[in-house]
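Below is one structure, written out as structure tokens; the observations come after it.
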Amino acid sequence: MNFPIWDVPLMGGGLLIGFVSILHVFVAHFAIGGGLFLVLTEHKAYRENDMRILEYVKLHSLFFLLVTIVFGAITGVGIWFTISVVSPSATSALIHTFVFAWAIEWVFFFVEVTAAFIYYYTWGKLDRATHLVVGWIYFISGWLSLFVINGILCFMLTPGEWLHTASFWDAFFNPTFWPSLVMRTVVALALAGLYALLTASMIKTDEVRANLVKYSTRWLFPAFFILPIAGIWYNIALPPLAREISMGGAPAVTVFAGLTILLSVLIFVFAYFYPYRQPAKFPAPAAAMFLLLGLMVTGVTEWVREAVRKPYIIYDYMYSNSILVAHKNDYYAEGILKSAKWVTVKEVTEANLHEAGATLFRLQCQSCHTLHGYNGIALMVKGWDEEFIDHQLDNLDQLKGFMPPFMGSVDERHALARWLAGLNRRGAVSIELTEPPARPAAAAEEIEHDR
């Protein structure tokens with residue numbers, strides 16, 4: 001409402017945020033679990049007095065540094081850019097609520113990055129104990145960064161008592177904070193194991209490869225046993241509508257939620273019977289497949305978490321189109337166009353129905369829908385007449401609980417219905433223009449006479 005609307009053709013802004021964010025989630029979780037993996041595996045090399053394992057850790061730390069620091073930094077900046085231009089109102093609300101939390105997280109991140117560089121570049125230059133301390137500093141600062149970010153992410157789905165108290169602590173330690181922290185921690189361990197499986201399976205020495213493949217597989221097991229318990233705990237803490245969406249209210253979301261469970265079970269079963277029981281025979285292509293499955297589980301889980309938050313971007317506070325819940329009734333009475341700062345149409349008239357409808361689509365719908373692309377509205381209303389569309393808009397939140405209600409005056413609702421119905425007519429016109437033009441009647445009679 002207070003910012004321009006960024007149009008991302010075909011893809012849509014929401015999908016762009018999801019794409020960049022999920023890439024960053026892959027890296028961020030690996031950065032935490034992988035940090036612990038490096039420290040414990042280095043300790044394992046010293047304990048077993050096996051310099052071949054130590055050499056593997058050195059090489060793995062280079063892979064770790066490139067993925068987490070370089071790619072992680074790029075995707076992290078990408079998240080800030082995309083959320084700022086796609087959902088500036090929500091981004092502003094998060095910054096104002098968690099300004100000190102963000103500052104603390106950036107301190108942890110600075111320590112994390114510094115420790116990662118020191119850890120990698122001081123192999124053979126620091127004594128064993130000091131080098132391990134640097135590794136522990138990296139892991140602890142990375143996990144504390146997760147601790148802070150987890151509170152902010154969970155707040156968006158379960159703001160809890162913050163809605164009434166506006167307290168920072170109520171916002172941060174919200175109802176899903178602890179189960180989510182447990183889940184993200186064990187996911188970080190599992191991803192560390194999956195990444196390590198890939199690098200360990202490439203070791204040429206058979207004995208070392210078998211040792212590290214079996215060792216890396218053990219990192220997957222805590223997730224299998226802990227995630228179901230934490231998942232139930234998390235589900236209980238969800239708002240009722242979000243729980244309903246995940247358990248049948250939105251079939252696609254339910255299917256994806258079930259898919260995460262199925263893929264997790266498949267990973268565990270095959271990991272136990274293949275790399276754990278037969279580590280010497282485990283090849284790199286199989287490790288790549290395991291990693292791909294693990295990333296799919298993580299990505300789908302993040303998608304489900306985002307999906308159950310609908311119709312809000314901050315639950316019970318701000319709708320997914322950045323309209324505040326508290327302002328809803330005002331827009332019913334006065335209309336929304338008068339309050340929008342970045343539009344030229346301020347009221348609906350007979351002369352500007354088309355322009356007003358297009359403007360209302362941008363204000364109310366474009367945060368989730370494109371015109372002809374991902375979640376494209378043109379295909380959704382294909383075959384619907386204006387009266388039916390208007391009825392849908394009038395009862396939108398009742399017919400589709402995961403969508404915000406239409407918020408505006410009756411005239412604005414009619415204008416949007418007219419514009420959406422016009423998508424059908426404009427589509428029909430474009431089809432008609434591709435057909436060969438009909439012959440004039442006189443010409444047709446002349447041709448018939450010649451015959």
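The values are calculated or read from the model by the stated rules, or taken from the named source; none is laboratory data. These numbers come from a predicted model, not from an experiment. As a convention, Cβ positions derive from the backbone with ideal geometry for all residues, glycine included, and neighbour counts pool all protein chains shown. Note: accessible area is taken over every heavy atom of the protein model, side chains too, but ligands, DNA and RNA are not part of it. Shrake-Rupley method; radii C 1.70, N 1.55, O 1.52, S 1.80 Å.
Give me the log10 of I(q) over I(0) for segment 1-69 at q = 0.21 Å⁻¹, as the Debye formula computes it from C-alpha points; what are the numbers?
Summing over Cα pairs of segment 1-69 leads to -0.87.
Given the DSSP H assignment, sum -39500 (n - 2.57) over each helix run of at least 4 residues in the chain and divide by its residue total; what's the result at 222 nm in deg cm²/dmol, nearest 500? Working shown, then result.
Values: 20 runs with 312 residues, N = 451.
Per the formula, -23000 deg cm²/dmol.
Report the Cα-based extents of segment 187-296 along its three principal axes, largest first, to the nearest Å.
Rounded to whole Å, the extents work out to 54, 22, 19 Å.
Tell me which aspartates and glutamates have Cα within less than 13 Å of LYS281's Cα, excluding those fewer than 8 residues away on the same chain?
ASP206, GLU207
May I ask for the Kirkwood hydrodynamic radius of segment 1-145, worked out over all distinct Cα pairs and given in angstroms to one decimal?
17.0
When all C-alpha to C-alpha distances in segment 53-125 are sorted into bins of 10 Å, what percent of pairs does each bin hold, rounded to whole numbers?
The calculated distribution, bin by bin, is 17, 37, 26, 15, 6.
Calculate the length of the line joining the C-alpha centroid of segment 320-399 to that of segment 70-122, in whole Å.
Centre-to-centre (Cα) distance: 34 Å.
Suppose all protein chains stay in the model; what accessible area per residue would a 1.4 Å probe give for the chain, in Å²?
51
Hey, what D do you get for segment 117-270 in µm²/s if you plug the Kirkwood alpha-carbon radius into Stokes-Einstein at 37 °C and 0.692 mPa s?
Working: Rh = 18.3 Å.
My calculation gives 179 µm²/s for D.
For ARG218 and THR205, compute 0.36 nm times the residue count separating them, minus their Cα-Cα distance, and round to one decimal in nm.
Residue separation times 0.36 nm, minus the Cα-Cα distance, leaves 2.6 nm.
From the square roots a ≥ b ≥ c of the eigenvalues of the alpha-carbon gyration tensor of segment 329-370, which class results: rounded (a/c under 1.5), prolate (a/b over b/c), or oblate?
The shape class here is oblate.
State, to one decimal in nm², a quarter of the convex hull surface area for the C-alpha atoms of the chain, i.e. the direction-averaged projected area.
30.2
Give me the net charge of THR344's neighbourhood, meaning all other residues with Cβ under 13 Å from the Cβ of THR344; Lys, Arg count +1, Asp, Glu -1.
That sum, taken over residues with Cβ under 13 Å, equals +2.
If you put +1 on each Lys and Arg Cβ and -1 on each Asp and Glu Cβ, how big is the dipole of the chain around its Cα centre, in Debye rounded to 20?
Around 2080 debye, computed over the chain.
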